[in-house]
Structures are given as structure tokens and as C-alpha cells.
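Colleague: Attaching a single structure in C-alpha cells format; questions to follow.
The values are calculated or read from the model by the stated rules, or taken from the named source; none is laboratory data. Just so it is clear, the structure is predicted and the values come from calculations on it, not from any experiment. FYI the Cβ positions are ideal-geometry reconstructions off the backbone, even for glycines, and counts take in every protein chain you see. Heads up: the accessible areas ignore ligands, DNA and RNA and are worked out on the full protein's heavy atoms, side chains in. Shrake-Rupley method; radii C 1.70, N 1.55, O 1.52, S 1.80 Å.
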Amino acid sequence: MRYSRDADGVVTLTIDQDGPVNVMSGDFRVALGAAVDRLEAERDSIRGVVVTSAKKSFFAGADLRELVRVTKADAGEFARQVELVKSHLRRLERLGRPVAAAVNGSALGGGLEIALACHHRVVLDRDDVRLGFPEVTLGLIPGAGGVVRTVRIMGVQAAMPLIVEGKQLRPAAALKAGWADELASDLDDLLAKARVWVLEHPDAGQPWDAKPGAVGVKDLKPMDPNSYSLLAAATGALRKQTHGTMPAPEKALAVMVEGALLDFDTALEVEGRYFTELATGQIAKNLINTFFFQLNEVKAGGSRPRVQEERVQEKHRTAKVAVLGAGMMGAGIAQVTAVAGIDVVLKDVSAEAAEKGKSMVAKQLDAQVAKGRLSAEQRDAVLSRIATTTDYADLDGCDLVIEAVFEQRSVKNEVNAAAEAAARPDAVIASNTSTLPITGLAEAVPDQGRFIGLHFFSPVPKMKLVEIIRGAKTSDATLARAYDYVLQIGKTPIVVNDSRGFYTSRTFGTYISEGVRLLAEGVPAALIENVAKKAGLPVGPLAVHDEVSLTLSLKVRDQTLADLNEASENPEAAARVKELENDPAFRVIEELVRDHDRPGKAGGAGFYDYPADGPKRLWPGLAERYGKPDGGGVSEQDLRDRLLFIQAVETVRCLEENVLTSIRDANLGSIFGIGFPVWTGGTVQFVNGYGVEEFTARADYLADLYGERFRPPRLLREKAARRESF
């Protein structure tokens, strides 16, 4: 931290740590303390202080590599270090001299806490600048006064989305909310405004220090009945959203409310205790590991192929994409591609079908315009990039083709062959199939090295993940170009090797099938759905099965049986055939589809009824046909674990079979692709957090009671024997 004083007695503290960004590390804590010591020693000779940064960003927040190593055994020392930072910031804001923050870039987490400890905040008005507290997304809360100061600035209700949801603000929005006091047009203007304010406000201080010991904020005061409706609504809405699986939002709300009803310094202490509790817990470690370290590895090209001398191939910018099939998936792919600034040719068998796909895109964009997220000009620019056609000749110049027709091998082969002949000679040909093996589909084109799978998820504009499937002959160059395209459109790529169902569909299938097996055993449908939500799964297995359609499950099963029967001389294939034929889940599905005409949501009836005059509800016939007096005899804990463990065990099998080649792709794919509970950090992190030995023993217990599908694979047993995490 550089310390300089000008002729007018204004001290500028410039934060400039080693490395690309400033972080709240141990070294920083020492430097901050030393700077405040010097300010206090020289107080009589200075007129004010400006705090700024030498980096492009102001301050990036906590040092997560340091934070993730903290354990419950370290809680006492960790809490003391947190209190030390807060004491430095309290000394700064009570220096008796005006202190202004010249926020020259994004101020997130600890960076915003430093700025809020200053009496005045001037923020650079640049489009890439963000202010916010993203801690809750990593299982944490602000711990250096961020919650307490924000609530005292703007009140509980206004602070709620910023603290509990981690919403980040651009400079103009931060000015309106109260996080910023002034905006500056450039760096010179920034420092000048901060310096002028300091010189013009010699008696500046914080509003919470004007009345020491005061309690309450503008919308929450002790013993005020008008405040209580806010608390009831907030806690109810939060519990409905998290089902109690994410402690950070609940602790954040607790600090906001409890802190508002306490004096300032006691509120800071409460915030520190909650922060310590979260930081030393397992859930924060799960989230930091997956959503910070592993996600950053993916964005940096972690699963992208490398060439000689470990140098990554030059990144490819896709210029023109052909999308074959203008249904819901094709239209969604066209939309996200055009939004990224890439020209799109949307092809279907008729002009009406192609235009209908484009109209779906227009409808989505119109909704964004109505919400103020997009301007009319931006919408029109996106739509202008999408050209519709029925003619393969219009694919001329396309360097990427994405096939998104329905799941029938012969149809996919026909359109992929025709598109390959019309596109650029070096174009990548990709299929959006969710289940059909890529190696087989690649046989439709002359150069199988240019064929790959790009599995998008529905709805495409909302879902963050794209599963890239490498066929047996897919080249490194093709994989690299596909990876670059996924990053170019702002999605998260994971890379898997070819197999039936790949990773996500295969693992997701175990979840919905386990839900149906529980129903077949007599477990009440409502209990299955509610326990799934309590475990943190976004949708119960029966509801989501209705969404993907029961008919599709039967078609996939029948196609799998046909393929396995072709390899019936293989003992493993024969065993799998027997397993599928005797699976009670498919017996239930067959009964619903063939005996009761309940094919799923699209057909108007499945596990649920879909009345026109109200919300969906579970079909009463489920209890009549499958209910048992003892409720199936499955405890709630076993039910919960069956839904979670079946997916984690299948993930380990995918690692063992080399379908998955990295832990990060498993974790991110399971959360972004199939809705595995966020609190776990993903399927593999769930195993690590549970404890590999303990997980293996629990899986054996489930296998003994409920079936061999829970039996730990060889890889898991090896890890447990070595007491080694994944």
C-alpha cells in the first residue's frame, strides 16, 4: 500500500499488491494496519485521505486460496483476523479526517467493504465496473462490515437483493442505491473529485458515528409493529427458495435484521461470528472449489486440447453458424449465437417452420425489451443476424453447423450429410443429440475428424452448460474450435468422451428412474417430490420426468435394448438387457403410458394432472395403484440419499470408464446441466465433502438394502482404501 502526501496535506493510499488484482490476504491486512497506524501518527499534519488502487479493478475481495484452507479448528484465530481487519477499517473511518474512496474499477466483496468504510465514494463510470457482494454465491457473507454498513445506508428491504442474492450493480445503479456518492468520467476526473471532496469536507464522518449506540434503520426499528410484516415475508420467501440447504442467504438475512437492532459495533461483531461459522463450514468450501477455482479453470480452457510444447492452439472465432431444425432447441441455439454477434442461418424443411423458429427468438427478445434488459435497437440487431432458409445452398460460408432435429438416427444422418456438403470445406459439423452416440452419427460425413457433439440444455437461453462430446475420430482441432465457440456465446463448456447418454443424460436418467422406483416400492409421490426439494434438487424426479416425457424414456429404453441385443454375446451387455427388462421403474412408466394414456406434460397427463384452470397436481391414481400401508418402508434419510447417491455413484462410473476425464467437468456439468444441488458443489465434490470412506460405506448400505446399482465402483473403493479425495 503506497502512501503519498501532497502539498495540501491530502494523503493518497494506493493499494498495489503483487499479482494482477488486489485481494484481502494476510499481507494486505498487515499493510492496511501499518497505513492506518501512520495516518493516526501524522493526523495533525494531514487534511484528508483518498483510497484508490493501482490495478484495473479496485479490489477483488478475499484471498480464496487462503480462505478455503480454514477449518473449524482454526475458527478462533480466523475470527481474530476478521476482527483485526474490521478494527483497521473502524480506525480509518474514525480518523477525524475526511476519507474518500476513488473506486477506479470493480469493487467486489472486501473491496466494496473498504469503500464503504470511507466517508465518500467516487466511482469510475465505466461499463465493465461492478460493485457488489458476491459472497453468498460462494457460501459466504461479507465479513468486514459490508452487511452492517449497507443496511445502515439503505435499509433492510433495499439491501436484501444486494446481500442475500449477491446482485451486482453498475456505477449508475450503485449511485442510486447509495453505494456510490459520485461518478467520474475518467481516472483523472476520479482522483480530482475525490481530492476536492476531501478538501471541502473537513468535518466528515459516518452517519452511524454521529449518534453512538443508536439502533434501528429506516425500515426496521425495535418494537415497531410496522416492521414485522417485512420480516415475515422475507424469511418465508427465502425458505421457499433455498429449502434450508443454503445457509449463507439465511445467515445474511440474520445479520441484516439482528445488526439493524443493535448498536453499530455490536452488529459488526455479530456479522463476524456468522462469517466465521460459514467460512469454516463444508458448504462454503464446496462452492468455492467448484464455482471459483474449477469454473475459472474451464473459462481458461482447462479441458481444451493442447498441442506440442503444452501451448494451447490459437483461439478460433466462429463467424457464421448453420442451425438445422428451427424447433425450440434450434431456435434457442440460434438466439444465443446471434446475441453473441455471430451470423446464423436457421434452416428447416419449410419456410413456415423456419420463420416460426425465428419468431420464437423474437418473442424471447421482446420480453427482454419489456423488462428493460435489452433495447429495441439491440433486439433488431440480433434478429438481423438470423437468416431463415429451406435451401442447403444458403449454408455456404458457414464454419460451424449445429444439427438440432429430433432424436432419430436416420434423419440426423441425412441432414448432417447434406449440410456438410454445402458448408465450408473445413466446417465443424456438430449434433445436438442428447443420447445418440457421436461416433455412430459421425459416419454420415466423409471427414469424421470434423464431427462432434454439442449438447445444449433446455431452455437454451437460460441454461449455462454445453456438453461437448468427443467421438472416437474427433480431432483435437475440432474439439478446440467447439470449445472456443461455447465460450464465445457465453456458455460453460464441459468435455466428455462418447458413450450412450454421455455424462449428463446418463446421470440425469438415474435420478428420474430412482424416483419412479421409489414410487413402485410404495413411497408416496408427494414425499418423493418434497424430499427431493428439501435436498436442494430444483424439481422432483416425477415432475421432471413429466417434463422430458414418459414416452421419450420408453423410446430411449427400447433403442438401448435394441443396441445391446446386437452385442448380446457380450456378458455385460446381456446383464444390462436383463436389468432393463426387469426394472420396476419402466414397468410403472409402461403402465402409465400404455394403460392410462399418460405420456407426460406435453400429452396433458403423466405423474401429474395439468388442469386448464389451475396448477399441476399429482395424479390421485398413483396412490391408488402404487401406495402401500407402510409408505414403502423407506426412511426420509434413505429416500434423500438414494436420490443423491445414485447420481454421485454414476458419476464415479463415468470417471472410471473415461467418459469423464476431469473432476471439474463432472461438478459443473452436474449442477449447470442436470440440477444437482448447488450446496454440494457437484456430484464429485459431494463425495469429497461427505468423506470418501464414509460415502463408500453409506453406498454399500444402500446397495445392501435397495440394489446393486448403489454398489461403489472400483475407482471409489480404491480412493477409499487410500483415504484419498477425488
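Colleague: Tell me, which helices (runs of 4 or more DSSP H) lie completely within region 528-623 with 3 or more residues that are within 13 Å of residue 516 (Cβ to Cβ)?
Modeller: Of the helices (runs of 4 or more DSSP H) lying wholly inside region 528-623, those with at least 3 residues that are within 13 Å of residue 516 (Cβ to Cβ) span 541-548, 550-566, 584-590.
Colleague: Report, by residue number, each residue of region 36-64 that is open to solvent by less than 10 Å² (accessible area, probe 1.4 Å) and either over 18 Å from residue 107 (Cβ atoms) or of a type in the set (A, V, I, L, M) (or both).
Modeller: Selection gives 36, 39, 46, 48, 49, 50, 51.
Colleague: Looking only at region 450-465, filter to residues that are over 16 Å from residue 429 (Cβ atoms) and either in contact with a strand residue (DSSP E or B) (Cβ under 6 Å, 6 or more places away or on another chain) or part of a strand (DSSP E or B) (or both); which one of those is most open to solvent (accessible area, probe 1.4 Å)? Break it down into steps so the answer makes sense when it comes.
Modeller: Within region 450-465, the subset over 16 Å from residue 429 (Cβ atoms) is 457-465.
Now restrict to residues that are either in contact with a strand residue (DSSP E or B) (Cβ under 6 Å, 6 or more places away or on another chain) or part of a strand (DSSP E or B) (or both): 457, 464-465.
On the way: 457: 21, 464: 114, 465: 1 Å².
Residue satisfying both the conditions and the ranking: 464.
Colleague: Continuing with the same structure: Of everything in region 630-654, what is open to solvent by 30 Å² or more (accessible area, probe 1.4 Å) and in contact (Cβ under 8 Å) with a residue 40 or more places away in the chain? Give them in sequence order.
Modeller: Across region 630-654, the qualifying residues are 630, 633, 636, 640, 653.
Colleague: Okay, moving on. Filter region 402-420 for residues that are free of Cβ contacts under 8 Å to residues at least 40 places away in the same chain and of a type in the set (A, V, I, L, M); which is surrounded by the most Cβ atoms within 10 Å (Cβ to Cβ)?
Modeller: Going through the qualifying residues, I end up with 418.
Colleague: Within region 487-503, can you find the residues that are surrounded by fewer than 23 Cβ atoms within 10 Å (Cβ to Cβ) and not aliphatic (A, V, I, L, M)?
Modeller: Result: 488, 490, 491, 492, 497, 498, 499, 500, 501.
Colleague: Show the residue pairs meeting these rules: Cβ distance below 6 Å; 6+ apart or different chains; first residue within region 54-75 and farther than 13 Å from residue 103 by Cβ; second residue among the hydroxyl-bearing types (Ser, Thr, Tyr) and in a helix (DSSP H, G or I).
Modeller: Pairs found: 75/276.
Colleague: Can you name every residue in region 545-600 that is modelled with pLDDT of 90 or more, open to solvent by 70 Å² or more (accessible area, probe 1.4 Å) and within 22 Å of residue 528 (Cβ to Cβ)?
Modeller: The answer is 547, 587, 595.
Colleague: Within region 354-378, restricting attention to residues that are touching a residue at least 12 places away in the same chain (Cβ under 8 Å) and open to solvent by less than 60 Å² (accessible area, probe 1.4 Å), which residue is farthest from residue 462 (Cα to Cα)?
Modeller: 354
Colleague: Of all residues in region 153-170, count the ones that are open to solvent by less than 50 Å² (accessible area, probe 1.4 Å), touching a strand residue (DSSP E or B) at 6+ places or on another chain (Cβ under 7 Å) and not in a strand (DSSP E or B).
Modeller: Counting residues in region 153-170 that are open to solvent by less than 50 Å² (accessible area, probe 1.4 Å), touching a strand residue (DSSP E or B) at 6+ places or on another chain (Cβ under 7 Å) and not in a strand (DSSP E or B) gives 4.
Colleague: Can you list residue pairs whose Cβ atoms sit under 6 Å apart, with the first residue in region 586-604 being closer than 18 Å to residue 559 by Cα and the second being assigned to a helix (DSSP H, G or I) and of a type in the set (D, E, K, R)? Count only pairs 6 or more apart in sequence or on different chains.
Modeller: The qualifying pairs are 586/557.
Colleague: Let me ask something else. Let me spell it out: the conditions are (1) surrounded by fewer than 24 Cβ atoms within 10 Å (Cβ to Cβ); (2) over 18 Å from residue 241 (Cβ atoms); (3) touching a Gly at 6+ places or on another chain (Cβ under 8 Å), and residue 137 meets all of them except one. Which number is the exception?
Modeller: The failed condition is (2).
Colleague: I need the full set of residues from region 503-533 which are within 20 Å of the chain's Cα centre (by Cα) and either at pLDDT below 95 or among the β-branched types (Val, Ile, Thr) (or both), in order please.
Modeller: The answer is 504, 505, 507.
Colleague: Further question: Give region 334-353 a look and list any residue that's surrounded by 23 or more Cβ atoms within 10 Å (Cβ to Cβ) and part of a strand (DSSP E or B), or say none.
Modeller: Hits for region 334-353 are 344, 345, 346, 347.
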